[in-house]
Amino acid sequence: MTVVTLPKIMNPAFENRYGVPAFNAFDDITMDGLIKGAEASRSPLIIQISVKTIKFWGAKVIQDMFSNMAERASVPVSLHLDHCPDPEIVKECLRLGWNAVLFDGSGFSFEENFRTTQEITKYAAQYGAHVEGEVVAVAGVEDDIGSDTEGQLISIEQAIAFVKETGIYCYAPAIGTAHGFYKATPQIRYDRMEQIVEATQTPMVLHGGSGLSDDVFLRLISLGTAKVNISTALKQAYADRFRTYLEERPTEYNPLKLVGAVHSEVMKLTQHYCKLFGSEGKA
């Protein structure tokens, strides 16, 4: 098992109703920790990268780092571009060999999003890659993309047409979740996801996963969520472990021990979500 396409990971998850965690890595520590954690869980894994992270490191650097780490992995791993509203960045990643992209046209009109997403799916097909689609913006700002309010809902009929006719592989429906930390208990629209899955038989993607209760995760996975995005929880675990390690050892100057402690925390977080989502042992 090594680098694979998104369907290789998500099709079995969708058919057997378990979820695969998709973590937003932002450096070598998180990327390697996620892969090692997935290996320990014998779970498939999706590594996501934000546009902000690409602008910091460069798409080629990230691709090279991922290839080096993932090609030695004993579990299937995919590299996915998260929430990108810029078709040129999407195309750059596809040319470099990324496995999948989320073209986020939620800031466009429905018609423009539909048309551009169709173009992106045709472009991705040339490289054997796959596209995730989104119409309604999820509330919350993540890595400088988004707003504090959810986008205006479209009809179920429009959502179904978007999924069926744009050529996307998977879809992120607007069901009331949010990026970042929740300020109040979200009101989840389970019926909306259920209707779209029933009409399209397409794997769903859950955005705004950090902070949801286990019961919400499991119910959404049972309805057809095959990919569960986790970003904020990873950032929190990463930063908190750096902080606590240094606070506990104010006079120690051993970078590798510090990095090792953070790496172990990332592995632990990965194993937690693999077990919760049901992907443990599925590799």
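The values are calculated or read from the model by the stated rules, or taken from the named source; none is laboratory data. Quick caveat, the model's predicted, so the values are computed rather than measured. Counting neighbours? That spans all protein chains shown, and the Cβs are built from the backbone with ideal geometry, glycine included. Ligands, DNA and RNA are excluded from the accessible area calculation, which covers all protein heavy atoms including side chains. Shrake-Rupley method; radii C 1.70, N 1.55, O 1.52, S 1.80 Å.
Scanning the range 258-283 for residues that are part of a helix (DSSP H, G or I) and touching a residue at least 12 places away in the same chain (Cβ under 8 Å) yields a total of 18. When the range 206-230 is limited to residues that are part of a loop (DSSP other than H, G, I, E, B) and either among the hydrophobic types (A, V, I, L, M, F, W, C) or in contact with an Asp or Glu (Cβ under 6 Å, 6 or more places away or on another chain) (or both), the one that is surrounded by the fewest Cβ atoms within 10 Å (Cβ to Cβ) turns out to be 223.
Quick check on my filter: what residues within the range 84-100 are open to solvent by 10 Å² or more (accessible area, probe 1.4 Å) and not basic (Lys, Arg)? Answer for the range 84-100, where residues must be open to solvent by 10 Å² or more (accessible area, probe 1.4 Å) and not basic (Lys, Arg): 85, 86, 87, 88, 89, 92, 96, 97, 99.
Among the residues making up the range 71-94, those that are part of a helix (DSSP H, G or I), in contact with a helix residue (DSSP H, G or I) (Cβ under 9 Å, 6 or more places away or on another chain) and either of a type outside the set (A, V, I, L, M, F, W, C) or under 20 Å from residue 11 (Cα atoms) (or both) are 87, 91, 92. Summed over the range 41-61, residues that are charged (D, E, K, R) and in contact (Cβ under 8 Å) with a residue 60 or more places away in the chain total 2.
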